[in-house]
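The values are calculated or read from the model by the stated rules, or taken from the named source; none is laboratory data. None of the values given here were measured: they were computed from a predicted structure. No Cβ is skipped: glycine too gets one built from the backbone with ideal geometry, and neighbour counts run over all protein chains shown.
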Amino acid sequence: MEVELSTIQSTTPWVLIGIAVVAVVLAIVIKKIVGKIIVLVLAAVLIFVGYQQRQHVIDFANGVKDDACGQSVTFLGVDVALPADWCTTD
């Protein structure tokens, strides 16, 4: 196969422009996909941390029920008030 010089001179700029356009489109698509993946990973981490903290609070509360006077627990750094009727004063 043989290509003439004039064909290369007239076709190459358009091929290069086409490659550049495809590269830009792929970069945008990949950026959006990577962005979505990052958001999903961050959401999964937040869900995991929130659920873990929730379970910690529930486990603590169940462990101190009926003897909760003066004890406290935190949920993501925020103090959680235990029900007043859990404090038994003998």
Residue within region 44-57 that is β-branched (Val, Ile, Thr), surrounded by fewer than 12 Cβ atoms within 10 Å (Cβ to Cβ) and at pLDDT below 70 present: no
Is there a residue being among the β-branched types (Val, Ile, Thr), in a helix (DSSP H, G or I) and under 13 Å from the mean Cα position of the chain (by Cα) anywhere in region 54-63? no
